[in-house]
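Undergrad: Before anything else, here's the structure in question.
The values are calculated or read from the model by the stated rules, or taken from the named source; none is laboratory data. Note that the structure is predicted; figures quoted are calculated from it, not measured. Positions of Cβ are generated from backbone atoms using ideal geometry, with glycine treated the same way; all protein chains shown enter the neighbour counts.
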Amino acid sequence: MEQFTPVKTVAINVISDDKVRIKKEKHLVVTSSDIENTMQRYGYNQEVRNIISSENLLPAGLLSRLHAIYPKYSDFLASKPFLFQGKERYSGLSGFREVCAILSKNGIEIGNIAEREFFVEVYRFLATRHSLNSINWNDYINDSIFHLVFAQPGMIDPELTKKYVDAADAKARTQIAVDYMERTNPHDGNQQLNKPWFENDEGEIEFLDGS
């Protein structure tokens, strides 16, 4: 005769629906007013705003969901004025120095300026107002955009960098940069193909300072 193992009785407590409380965290619901304020904060001109509006490029529902999922990276709650205003882009050594002056005026010193200038003289520099304002300057050391826009220490041979930093004057430093460029990236005198450039507001091609 087949035998069965005794089964233990298990008590099940049933909680009625009216006793269940689910805590829901509130998140920002983006409105058309929020979008307008953000575009104004980023300095978008009226033409850009009209295109964004007519093409529905910033749908409020999508922005609300993105903010709910990535609140750490959302900028819709920010109201602090941007550091960089008016000028659309900064290029070359002069542009780099202008950016550093604005940062310094706001109490931000990125350090290693001479070493970074060596990189700029060799490989050039171009940063838009939008990219600069996208950097979290309260924690720029850990900001990925900062590392993309600005040259970082150690990117060029240390001995050559020291020679550049210790040079007697600006002319001597520039000559070191030119010699390094000729050695690592030679090109014909009038060749433009491997020089960094951008299209300006008038649709003309401009080569970066020093190219």
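Undergrad: Going through the stretch 53-77 one residue at a time, which ones are at pLDDT 90 or above and either more than 24 Å from Asn136 (Cβ to Cβ) or not in a helix (DSSP H, G or I) (or both)?
TA: Ser53, Ser54, Glu55, Asn56, Leu57, Leu58, Pro59, Ala60, Gly61
Undergrad: Then there is this: Are any residues in the stretch 127-171 touching a strand residue (DSSP E or B) at 6+ places or on another chain (Cβ under 7 Å) and free of Cβ contacts under 8 Å to residues at least 12 places away in the same chain, and if so, which ones?
TA: Within the stretch 127-171, no residue meets the criteria.
Undergrad: Would you tally the residues in the stretch 87-103 being touching a Lys or Arg at 6+ places or on another chain (Cβ under 8 Å) and loosely packed, with under 13 Cβ neighbours inside 10 Å?
TA: Of the residues in the stretch 87-103, 1 are touching a Lys or Arg at 6+ places or on another chain (Cβ under 8 Å) and loosely packed, with under 13 Cβ neighbours inside 10 Å.
Undergrad: Take the stretch 72-86 and flag every residue that is surrounded by 13 or more Cβ atoms within 10 Å (Cβ to Cβ) and either in the same structural domain as Lys105 (by TED's automatic domain parsing) or polar (S, T, N, Q) (or both).
TA: Residue satisfying the conditions is Ser74 alone.
Undergrad: I've got another one for you. So for the stretch 76-90 (the condition being in contact with a strand residue (DSSP E or B) (Cβ under 6 Å, 6 or more places away or on another chain), touching a residue at least 12 places away in the same chain (Cβ under 8 Å) and at negative phi), does at least one residue qualify? Quick ask: steps written out before the conclusion?
TA: Taking the stretch 76-90 and keeping what is in contact with a strand residue (DSSP E or B) (Cβ under 6 Å, 6 or more places away or on another chain), we get 89-90.
Subset that is touching a residue at least 12 places away in the same chain (Cβ under 8 Å): 89-90.
Filter once more, so that each one left must be at negative phi: 89-90.
Scanning the stretch 76-90, I find at least one residue that is in contact with a strand residue (DSSP E or B) (Cβ under 6 Å, 6 or more places away or on another chain), touching a residue at least 12 places away in the same chain (Cβ under 8 Å) and at negative phi, so the answer is yes.
Undergrad: Next up: Just to check your reading of the model, which residue among Asn106, Asn138 is over 25 Å from Asp34 (Cβ atoms) and surrounded by fewer than 15 Cβ atoms within 10 Å (Cβ to Cβ)?
TA: None of the other options fit; the residue is Asn106.
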